[in-house]
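Working notes for the structure below.
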Amino acid sequence: MLPAVLRPHSRGTIRLCSLNPLDPPLMELNFLSAPADRKTLRTAVRLCMRIAGTMHANGYGTRPLRAPRSAEEADVDEYIDATGMSFLHYSSTCRMAPRDDPEPGVVDDELRVHGIANLRVCDASVFPQIPAAHLLAPVVVVAEKCAEMIKKAVGGIEK
């Protein structure tokens with residue numbers, strides 16, 4: 001079992017560390033910095049513990065599961081801190097929205113970066129809200145739509 005926070009409230013940052021494009025960016029992910037995220041994950045871990053307990057009581061599962069010592073808040077938090085990890089499926093860092101949106105975006109509805117000519121972003125970073133799903137299918141849809149927009153922009157090529 002793999003409990004996860006699919007729609008986190010915690011927000012991190014990504015910044016350039018220098019003018020050299022080959023230098024890695026500075027990323028501060030700030031996992032579980034929003035109390036609501038820790039509460040959600042605590043609930044998910046406890047649910048997994050109950051499901052695993054029921055499965056084990058009914059003869060399913062032969063390996064001992066890695067789990068908190070108890071369902072007490074301190075034990076669950078200790079377990080989360082010791083075992084928590086990212087799925088490395090980052091998204092919504094380059095939000096699509098109009099410039100005048102109350103929460104401004106980085107790209108417009110044609111994936112063009114605001115204020116920079118001839119630059120588009122076409123990946124999971126443009127999602128205005130983090131999808132509560134694997135990112136592959138939505139990214140393919142964005143990529144197909146982006147390809148159509150680029151073809152149209154450079155010569156009126158349509159399907």
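Values in this text are rule-based calculations from the coordinates and carry no lab data. All values reported here derive from a predicted model rather than from experimental measurement. Don't worry about glycine lacking a Cβ; one is built from the backbone with ideal geometry, like all the others, and counts go over all protein chains shown.
Show me the GluC sites (Glu not before Pro) within segment 64-159 that DSSP assigns to loop and that have at most 11 other Cβ atoms within 10 Å of their Cβ. Don't skip to the answer; put the middle values down first.
Details: sites: Glu72, Glu73, Glu78, Glu110, Glu144, Glu148, Glu158; in loops: Glu72, Glu110, Glu158.
Filter output for segment 64-159: Glu72, Glu158.
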Report, in degrees rounded to the nearest 10, the 0 to 90 angle that the Cα long axis of helix 35-57 makes with the longest principal axis of the chain. 50 degrees
Please work out the FRET efficiency for the pair Leu16 and Ser86, using the Cβ-Cβ distance as r and a Förster radius of 22 Å; give the result to the nearest 0.05. 0.55
Rg and Dmax of segment 13-83, Cα atoms only, in Å: 18.4, 60
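Per DSSP H run of n ≥ 4, the term is -39500 (n - 2.57); total these for the chain, divide by its residue number, and report the mean residue ellipticity at 222 nm rounded to 500 deg cm²/dmol.
Details: 3 runs with 54 residues, N = 159.
Per the formula, -11500 deg cm²/dmol.
Report the far tail of the P(r) of the chain, meaning the percent of Cα-Cα pairs longer than 20 Å. Spell out each step's value before the answer.
Working: 8067 of 12561 pairs.
Of all Cα-Cα pairs in the chain, 64 percent lie more than 20 Å apart.
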How about the chain: what cysteines have no other cysteine beta carbon under 4.7 Å from their own? Cys17, Cys48, Cys94
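What chymotrypsin sites (Phe, Trp or Tyr not before Pro) does segment 1-104 have in DSSP loop regions with at most 11 other beta carbons within 10 Å?
Tyr60, Phe87
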